[in-house]
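Participant: Structure incoming, see below.
FYI, it's all coordinate maths here, none of it is from the lab. If you're wondering where the values come from, they're calculated on a predicted model, not measured in any experiment. Positions of Cβ are backbone-derived with ideal geometry, glycine not excepted, and every protein chain shown enters the neighbour counts.
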Amino acid sequence: KNEVEQSPQNLTAQEGEFITINCSYSVGISALHWLQQHPGGGIVSLFMLSSGKKKHGRLIATINIQEKHSSLHITASHPRDSAVYICAVVPRGGSQGNLIFGKGTKLSVKP
Amino acid sequence: EAQVTQNPRYLITVTGKKLTVTCSQNMNHEYMSWYRQDPGLGLRQIYYSMNVEVTDKGDVPEGYKVSRKEKRNFPLILESPSPNQTSLYFCASSLGSTKNIQYFGAGTRLSVL
């Protein structure tokens, strides 16, 4: 069983729709990242969370540490949001140097 | 401009021919890391470095070496590449540790024939 599970694996939406991508993990963590990988391959960091909720523009990320679950929401989706969204967790303890990744959610937003 | 620079971006090589992929950052970050990305497996950590002369294994270190002699550089060395190391490689850096925003290089696509 993977330590970080994302759902859905693939998601197709119409422009303007509200989108939710989920991330569940089985290990104790000290932080969680949401990353975006563009069709050209580049990866950018969207959020780093250790509790609660963060918002940036049309993107909202939430985390529930007790339930070991995080969600990434996109409001008023646009074709330029089409990308792979990746969740990554920092396992609690240790050197804080490890990252464990989910396999990603491929989002396609149609005009 | 703050950036993580990887070179080369594309590389085709043959089994057993030693190669180095360079990674450099201009943000004075302590933490640097290497990942590989494979279809169906996602991103996996190869090695990371918390600071100069401090390196540690990630999940898939076999067949790779790294060094951190200077803060800005973190090269990935494949001493004897094999076809199963064909992959897309990313370098990343951050201030302090993985508990900070990660900055990724553009990626290096490696094919080992």
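Participant: Suppose we filter region B:53-66 for residues that are part of a loop (DSSP other than H, G, I, E, B), of a type in the set (D, E, K, R) and more than 12 Å from chain A (Cβ to nearest Cβ); how many remain?
Facilitator: 2
Participant: Can you pull out the residues in region B:73-102 that are small (Gly, Ala, Ser) and either in contact (Cβ under 8 Å) with a residue 60 or more places away in the chain or surrounded by fewer than 17 Cβ atoms within 10 Å (Cβ to Cβ) (or both)?
Facilitator: Matches in region B:73-102: B:SER80, B:SER82, B:ALA92, B:SER93, B:SER94, B:GLY96, B:SER97.
Participant: Need a quick list: strands (runs of 3 or more DSSP E) entirely within region A:10-80 having at least 3 residues that are touching a residue at least 40 places away in the same chain (Cβ under 8 Å).
Facilitator: A:10-14, A:19-25, A:29-37, A:69-74
Participant: Tell me, which residue of region A:29-52 that is within 14 Å of chain B (Cβ to nearest Cβ) and small (Gly, Ala, Ser) is farthest from A:ALA88 (Cα to Cα)?
Facilitator: Only one residue fits best here, namely A:GLY40.
Results for (1) touching a Lys or Arg at 6+ places or on another chain (Cβ under 9 Å); (2) more than 14 Å from chain A (Cβ to nearest Cβ); (3) of a type outside the set (Asp, Glu); (4) surrounded by fewer than 21 Cβ atoms within 10 Å (Cβ to Cβ), shown as yes or no for each residue.
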site: B:GLN3; (1), (2), (3), (4): no, no, yes, yes
site: B:GLY16; (1), (2), (3), (4): no, yes, yes, yes
site: B:ARG36; (1), (2), (3), (4): yes, no, yes, no
site: B:ARG44; (1), (2), (3), (4): yes, no, yes, yes
site: B:ASN51; (1), (2), (3), (4): yes, no, yes, yes
site: B:ARG68; (1), (2), (3), (4): no, no, yes, yes
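Participant: With closer than 22 Å to A:LEU46 by Cβ and basic (Lys, Arg) as the only criterion, which of B:ARG109, B:ARG9, B:ARG72, B:ARG44 stands out?
Facilitator: Step by step, each of B:ARG109, B:ARG9, B:ARG72, B:ARG44 is checked, and only B:ARG44 is closer than 22 Å to A:LEU46 by Cβ and basic (Lys, Arg).
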